[in-house]
Every structure is written in C-alpha cells, then in structure tokens.
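Read the structure below first, then the notes.
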Amino acid sequence: MNDPTTIRRLYGRRQGHKLRIGQAALVEEALPRLSVPEAGALTSEALFGDARPLQVEIGFGGGEHLAAQAAAWPDHGFIGCEPFLNGVVSALAHLRGRQLGNVRLHMGDALTVLERLPDASLERVYLLHPDPWPKARHAKRRMVNHGPLNLIAAKLKPGGEFRLGTDDPTYCRWAMMVMAQRTDFAWTAAAAADFLTRPDDWPQTRYEAKARRKGHEVWYFRYVRCGGGGGGA
C-alpha cells in the first residue's frame, strides 16, 4: 500500500509572474485572515465557528471553481489548497469579488491539511485537472495514487463524493485503472454521457476552458465513498 508521503515534494515553481502592487496588498491583507491555522485539528468549529459540513479542493488553480462552489453552498465550509502564490492571489480576488466568508486557504501541500481533518468529516473532495506527470517514471507523483486516496477516503463521510476532472488521456486511463482497484469508492457513472458531460453543479475551471479551446476531450469522474471497507493495494 502506497504511503501519501511518497508525493510530499512539491514540484515546479511556487510563484510565476511578479505580483502587481494591488495583488501584493491583497495577499498581505486578506491571506492571513483566510489562511488555515498552522497548528491544531481542522474542525469546522475551529475554522468557521460552527458545525457546518466541509468540502476540500486540492490544487484549486485560479480559484474560480472554489469560489463558485462556495457561493452555491453558503452553509458549507470550504478549504482550498494550492501550492502556487499566483493561484492563491487569483482565488483571493474571486473571494473578495463575491464577498465570500466560508472559505479558508492553504498555500502548500494539500495532504498536510487532509491529515489534520477529523476522519469522516468531508462532504466532498475536488481534484480538478491535476498535473498529469505523463512520463511513466513520474507516475508516483500523481495525486491519484493509493496513498493519497487512502487519506481522502478516510476523511470523506460514507456517501461523500470525490470528484476528479482531467483532459489528459494518460491521466484518465491511469485514474480509471487505480480507482477500479479501490473497494472504498463506487463510480457513479451508468453511461458514457455521465463522465463525458460536465454536470450542472460542476463550474468550469480556466484549465477546462483552455482544454476545450484546444479541442481536448474532458472527463468528469464522480466517486462515492462506500461505507466501511478498505482501499487499494
């Protein structure tokens, strides 16, 4: 069984283009207020002051999906994890523009956040257009591996949902293979249209829009956490 620590290293740049003055000010003013605490259990009470349901987005990119879901579920608490500063800045702008107070952000490794959440505490986990790491020797860096999936499964409530979106054929095949080995997730698709058509409650990300402009197919996977049982090999 793979351990989640096998993908602990964050590859790539933490920051892309230099921040403008307004962006830097947004980070300085808003990020400390919205950041996930550095220590302690991450209960909904600790994060939001009440017992609201929680959802997590792993690698939220520009934050447009995170903000849209938070607006659609105002009585839920959202935790967005993203290692790259420019994505965090974009998310802060979306949150400010929509005046959303039900989101907390973590700039760093999503697994460290998941580990601090109580078991069976999450309604949904989103993993949308993750880095595909297309070379075979880099497969262990993919988030869809049994180590991270074991952690995700532990934190989802029975009946909770894991959503995965990708436009990369290699990642699509890999994810289907890995998820088919799991006994703790049930794929909800009953027909091809169920994973070839974006659901109405699945806001489009900038990465999906870019993929569509390039003529790429996009796949939308929804898995439900089964009650009890173990994971994959």
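The values are calculated or read from the model by the stated rules, or taken from the named source; none is laboratory data. This structure is a prediction, so every number in the text was calculated from the model and none was measured. Cβ coordinates were reconstructed from backbone atoms using ideal geometry, including for glycine residues, and neighbour counts include every protein chain displayed. What goes into the accessible areas is simple: the full protein's heavy atoms, side chains included, and nothing from ligands, DNA or RNA. Shrake-Rupley method; radii C 1.70, N 1.55, O 1.52, S 1.80 Å.
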Can you return the lysines within cross-link range of LYS135? Criterion is Cα-Cα under 23 Å, with same-chain partners fewer than 8 residues away left out.
LYS210, LYS214
Tell me, rounded to the nearest percent, the portion of alpha carbon pairs in the chain spaced more than 26 Å apart.
35
Exposed-loop cut sites defined as trypsin sites (Lys or Arg not before Pro) in DSSP loop states with at most 15 other Cβ within 10 angstrom; longest site-free run of the chain spans 21-134
Given H placed 1.01 Å from N in the peptide plane, which residues other than close sequence neighbours of SER35 have an amide H under 5 Å from its amide H?
LEU105
Please list the non-local residues whose amide H lies under 5 Å from the amide H of LEU122, H modeled 1.01 Å from N, same-chain partners needing a gap of 5 or more.
LEU156, LYS157
Over region 122-216: Kirkwood hydrodynamic radius from C-alpha pairwise inverse distances, Å:
14.4
Please report Rg over Rh for region 45-104, where both radii come from the alpha carbon positions and Rh follows the Kirkwood definition.
0.95
Mean separation of Cα contacts under 8 Å (6+ apart) over length of region 69-196, as relative contact order %
22
List the residues, sorted by chain then number, that are 5 or more residues from GLY160 or on another chain and whose placed amide H is less than 5 Å from its amide H.
ARG225
Could you look at the chain and say what percent of its accessible area is carbon and sulfur, using a 1.4 Å probe and all protein chains?
53
Counting only heavy atoms of the protein chains, get the accessible area per residue of the chain (1.4 Å probe) and round it to a whole Å² value.
47
